Amino acid sequence: MNVRSLFSCLCAAAFAALSAVSCMTPAPAPFGACPSPQQVAWQQREMNMFCHFGPNTFTGVEWGDGTEPEDIFNPTELDCRQWAATARAAGFRGIIVTAKHHDGFCLWPSPESAHTVAQSRWRDGKGDVLRELSESCAVEGLDFGVYISPWDRNDPRYGTPAYNAAFVRTLESVLGGAYGPVFEQWFDGACGEGPTGRRQVYDWPLFNETVQRLQPLAVIFSDVGPGCRWVGNERGEAGRTNWSTLEVEGFEPGAGSPPVEVLNGGTPGASHWAAAETDVSIRPGWFWRASETPQVKTVRDLLKIYYESVGRNSLLLLNVPPDTRGRIDPVDSLRLTEFRSALDAIFADDLTQGAAATGKARGRRFAPANVLSSDYDSYWALSDGETTGTLTLTLDGEKTFNRILLQEYIPLGQRIAAFHIEALTPEGTWKEIARETTIGYKRILLIPTVTTAALRLTIDDALACPTLTRIALYNDTIYCATSN
Ligand code: FUL
């Protein structure tokens with residue numbers, strides 16, 4: 001071996017050793033309350049469809065009082081495959097159906113109740129909406145979830161200790177395997193009077209344990225989790241500051257939940273992970289009514305909701321209620337198609353293509369360039385103890401945009417508490433274009449349109465060394481709002 005090849009061998013060995021060392025830079029330790037893998041996967045779905053369906057669809061009221069004759073439930077053309085196909089085409093990842101709303105009527109033949117599809121004339125009492133919907137979801141590649149209301153205005157046991165045990169058996173008949181995996185159990189906190197005028201004291205720990213025992217992978221929604229929390233309003237607005245952590249000690253769903261402002265923004269650094277779910281209806285009401293068809297939300301309304309839910313670290317649960325035929329109304333499904341097309345157009349072209357990212361990092365494995373890859377598991381991170389820092393993006397020439405998408409790597413906890421972004425001016429100075437607080441799983445900033453060749457992100461405050469897995473830039477010419 002001559003000197004030159006010995007030298008190149010040594011260089012190669014040194015390089016390999018250095019790479020091995022840098023590859024071993026440990027990831028930041030998890031900070032505070034972190035999501036379970038199911039909670040991460042849940043938030044990555046971003047959008048699910050809600051379907052309110054039951055006697056109220058036929059009576060036109062929002063809260064049936066439980067005295068409705070079972071025969072009122074009689075969809076003439078029930079087509080759950082159409083619900084699922086509509087949801088899939090619109091980009092929803094799952095459907096949550098009101099298996100039992102407050103009127104107590106069960107969309108499946110629950111052995112615990114005498115107020116179900118089995119007592120109705122629909123399909124001679126042999127129908128089962130949950131069966132048809134769960135099978136349709138499976139065929140369309142969607143997940144299946146259920147809303148089962150603890151408040152029951154029909155069950156004569158409501159308001160007595162026997163009701164809690166009966167409610168557990170009700171849960172068992174849905175979650176016990178008859179309908180396959182359930183990705184989300186939706187618990188409404190409403191607790192009104194039952195048919196005998198009594199109110200129930202709900203045994204929430206027992207209800208939650210039952211779901212966890214039967215469907216360990218299901219995320220449980222309620223005002224305060226444990227899987228995910230209510231966003232605090234039904235307008236489709238998550239907090240501009242939105243932590244996925246929530247202080248739950250001493251709180252429970254319903255009247256005992258934290259103030260709505262707390263639900264809307266979470267609690268920084270709290271000991272429980274319960275990301276916000278934004279439930280909102282495409283119509284004024286939760287249930288379908290012919291008279292409300294002219295008020296189906298516009299594409300602009302839906303984009304605003306998307307930006308203020310998914311774009312603010314929340315999951316969007318959009319209610320699209322089937323009609324009296326048992327089909328999604330053509331007006332709603334057309335609107336969903338238009339909404340999908342708008343989202344696809346807005347997010348088609350990421351203007352960071354060809355950009356370079358520079359800045360301090362925890363080591364090569366956590367380099368700034370990681371924010372440019374769509375691989376969620378590859379992220380930029382600072383060193384332990386560093387809670388401020390800067391990342392500069394040099395774009396591939398001048399770009400014009402009005403949306404900045406940012407994502408933290410949430411498996412290690414939500415950390416970023418304050419940040420700002422500047423754009424390079426033609427004079428070579430930096431001009432601030434955004435100043436915000438939280439990021440979380442996903443944040444989309446709506447900014448006035450800017451043309452620039454470089455951007456600088458400064459993390460001003462974080463609860464622990466920050467992580468960032470994605471920065472992307474888009475130009476939305478469809479929904480041209482200029483403030484977030
Ligand atoms: C509320 C319920 O009372 C409404 O009827 C609806 O189901 C909504 C999603 O949750 O609390």
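Results, tabulated for the structure shown:
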| quantity | calculated |
| --- | --- |
| Acute angle (nearest 10 degrees) that the helix 204-214 long axis makes with the longest principal axis of the chain, alpha-carbon atoms | 80 |
| Whole-angstrom gap from segment 33-62 to segment 76-141, using each part's C-alpha centre | 14 |
| Summed side-chain charge close to residue 141 - residues other than residue 141 whose Cβ falls under 14 Å, Lys, Arg +1, Asp, Glu -1 | +1 |
| Flagged links, alpha-carbon separation over 26 Å, of 304/442; 297/431; 297/442; 304/399 | 297/431 |
| Share, in percent, of DSSP beta bridges within the chain that are antiparallel, nearest 5 | 60 |
| Average accessible surface area per residue within the chain, 1.4 Å rolling probe, Å² | 39 |
| Stretch gain in nm, segment residue 478-residue 384, where the contour uses 0.36 nm per residue and the Cα spacing is subtracted | 29.7 nm |
| Accessible area in the full protein assembly, largest first, 1.4 Å probe, for 477, 467 | 477, 467 |
| Extended-chain gain in nm, criterion 0.36 nm per residue less alpha-carbon gap, residue 199 and residue 24 | 57.2 nm |
| Dipole magnitude of segment 356-474 about its Cα centre (Cβ charges: Lys, Arg +1; Asp, Glu -1), debye to nearest 20 | 180 |
| Dipole moment magnitude, nearest 20 debye, the chain about Cα centre, only Lys, Arg, Asp, Glu C-beta charged | 1120 |
| Estimated dipole of segment 269-338 in Debye, rounded to 20 [Cβ of Lys and Arg +1, of Asp and Glu -1, Cα centre] | 100 |
| Computed helical MRE - 222 nm, the chain, DSSP H runs ≥ 4 contributing -39500 (n - 2.57), nearest 500 | -7500 deg cm²/dmol |
| Residue 160 paired with residue 213, simple spin-label distance in nm, labels 7 Å along Cα-to-beta-carbon | 2.3 |
| Inter-probe distance in nm under a simple model that places probes 7 Å from Cα toward Cβ, at residue 233 and residue 59 | 3.0 |
| Summed residue charge, Cβ within 14 Å of residue 422's Cβ, Lys/Arg positive, Asp/Glu negative | -1 |
| Value of relative contact order over segment 32-176, rounded to a whole percent, pairs C-alpha under 8 Å and six or more apart | 26 |
| Farthest toward positive dipole pole in the chain [+1 Lys/Arg, -1 Asp/Glu at C-beta], among 92, 182, 437 | 437 |
| Listed residues 142, 117, 173: farthest to the positive end of the dipole of segment 86-176 (Cβ charges) | 117 |
| Computed E for residue 260/residue 430 - FRET, C-beta separation, R0 41 angstrom, nearest 0.05 | 0.60 |
| Full-stretch length increase - residue 449, residue 301 - with 0.36 nm per residue and alpha-carbon distance subtracted | 51.2 nm |
| Leading residue at positive end of dipole, segment 29-94 (Cβ point charges), from 78, 35, 58 | 35 |
| P(r) histogram, all alpha-carbon pairs of segment 37-346 included - 20 Å bins from 0, percent | 35, 61, 4 |
| Cβ-defined net charge surrounding residue 87, 12 Å radius [Lys, Arg +1; Asp, Glu -1] | +2 |
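The values are calculated or read from the model by the stated rules, or taken from the named source; none is laboratory data. A quick note: this is a predicted structure, and the numbers were derived from the prediction, not measured. Neighbour counts are summed over all protein chains in view; Cβ atoms, including those assigned to glycine, are modelled from backbone coordinates with ideal geometry. What goes into the accessible areas is simple: the full protein's heavy atoms, side chains included, and nothing from ligands, DNA or RNA. Shrake-Rupley method; radii C 1.70, N 1.55, O 1.52, S 1.80 Å.
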